[in-house]
Amino acid sequence: MQGWAHELGLSQIGVTGIDLRDAEPGFQAWLKMGFHGGMDYMASHGIKRARPAELVPGTVSVITVRMDYLPQSTPDDWVAQEQARQERPEEAVVSVYARGRDYHKVLRARLQKLADRIAAVVGPFGHRVFTDSAPVLEAELATRSGLGWRGKHTLVLSREAGSMFFLGELFVDFALPPTEPVSAHCGQCSACLQVCPTQAIVAPYRLDARRCISYLTIEHEGLIPHELRPLIGNRVYGCDDCQLVCPWNKFAKVHALPDWQPREGLTGSAIATLLSWSEAEFLRRTEGSAIRRIGHVRWLRNLALAAGNALRSGQLAPAQQEALREALLARRDHPDEVVREQVAWSLALR
């Protein structure tokens, strides 16, 4: 099966059982603390997340997969280059994983092809494919099946591939021999906790999503809390800081898949330029991209916030300041009140 996975562009495969009972208390405690923020779906599905056979009746084993996502054009000094973006306040920074095609579409299709290959050998079987798209404890399943260990930032880490990869699952209704989990190798390192701009990693292995920039710029609807706005800087979709500082990502791997190549406009673009996109242009440029999921209003909110942070940075040339102010003024009377408030906040900064 590992050979089939590689032929389909999947980087690693594992197998685990469905008894996740010992993960339930930690998940319930996380929910009780309110760390899921506005992601009500995390609580609405209840403990079903830790019980695969309740989510998909008949499930006996779970096949887990890892798919690396650094594009083939990634330079050797990619970490330094990504960190340097934060020193250019006029530049809009999109998380690396979101610059290409929507991973949900790519990985789901390849998991289905894997299921088809299995069916060609064993015959028809019950199954369901998941990629960050249902109440599944993905990281828990990944660690139990040996794809890696849970890092202190809560992401799955691999000695061979760092953390720059997507996870997916194939629930099946027959037994497979499980693959062995691997030991953890974070040691005394706490770089991810220290680097988080909003201190969202409140303790090792515990994330308060309400403070996480990825959550705030992607999942969170409405106004972003005022006290967190300056800390977001020029990040307009997601945040990679905890991954960029992780020593294990020196082993992160590139993938030859063209789908991961950055789209025009999503790497190195000026905030002012992206603020000028009409809704039609936003939809055209993000077709087939994960970014489209947040919609044009949230996209403008994020960009307007980044524009305000850039204006208050004191690092812009006069022409850059003027371009940002003009872009903000053009959105001052936007129909959405969240955009209007964010624009007003950003224009009021000195």
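Structure summary
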{"item": "Per-region count, region 137-181, residues farther than 22 Å from Gly58 by Cα, among the hydrophobic types (A, V, I, L, M, F, W, C), outside any strand (DSSP E or B) and touching a helix residue (DSSP H, G or I) at 6+ places or on another chain (Cβ under 8 Å)", "result": "3"}
{"item": "Failed item in (1) free of Cβ contacts under 8 Å to residues at least 40 places away in the same chain; (2) touching an Asp or Glu at 6+ places or on another chain (Cβ under 6 Å); (3) within 21 Å of Phe166 (Cα to Cα); (4) of a type outside the set (Asp, Glu), with His296 passing the rest", "result": "(3)"}
{"item": "Of residues in region 221-240 being surrounded by 17 or more Cβ atoms within 10 Å (Cβ to Cβ) and touching an Asp or Glu at 6+ places or on another chain (Cβ under 9 Å), the one nearest to Tyr69 (Cα to Cα)", "result": "Asp240"}
{"item": "Region 272-318 - residue that is in a helix (DSSP H, G or I) and β-branched (Val, Ile, Thr) and, of those, surrounded by the fewest Cβ atoms within 10 Å (Cβ to Cβ)", "result": "Thr273"}
{"item": "Pair list, Cβ under 8 Å, 6 or more apart: region 273-292 residue on the phi > 0 side of the Ramachandran plot, other residue surrounded by 16 or more Cβ atoms within 10 Å (Cβ to Cβ)", "result": "Gly288/Arg101; Gly288/Asp102"}
{"item": "Which numbered condition Cys192 misses (of (1) surrounded by fewer than 21 Cβ atoms within 10 Å (Cβ to Cβ); (2) in contact with a Cys (Cβ under 9 Å, 6 or more places away or on another chain))", "result": "(1)"}
{"item": "Residues located in region 252-271, provided they are free of Cβ contacts under 8 Å to residues at least 40 places away in the same chain and surrounded by 17 or more Cβ atoms within 10 Å (Cβ to Cβ)", "result": "Gly265"}
{"item": "Residue list for region 195-213, restricted to those being surrounded by fewer than 21 Cβ atoms within 10 Å (Cβ to Cβ), under 18 Å from the mean Cα position of the chain (by Cα) and in contact (Cβ under 8 Å) with a residue 40 or more places away in the chain", "result": "Val195, Pro197, Tyr205, Arg206, Asp208, Ala209, Arg210"}
{"item": "Looking only at region 30-84, and only at residues there that are acidic (Asp, Glu) and at pLDDT 75 or above, the one that is farthest from Gly162 (Cα to Cα)", "result": "Glu54"}
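The values are calculated or read from the model by the stated rules, or taken from the named source; none is laboratory data. Predicted model, so just to flag it, every value in this text is computed and none were measured. Here the Cβ is made from the backbone with ideal geometry for all residues, glycine too, and neighbour counts use every protein chain on show.
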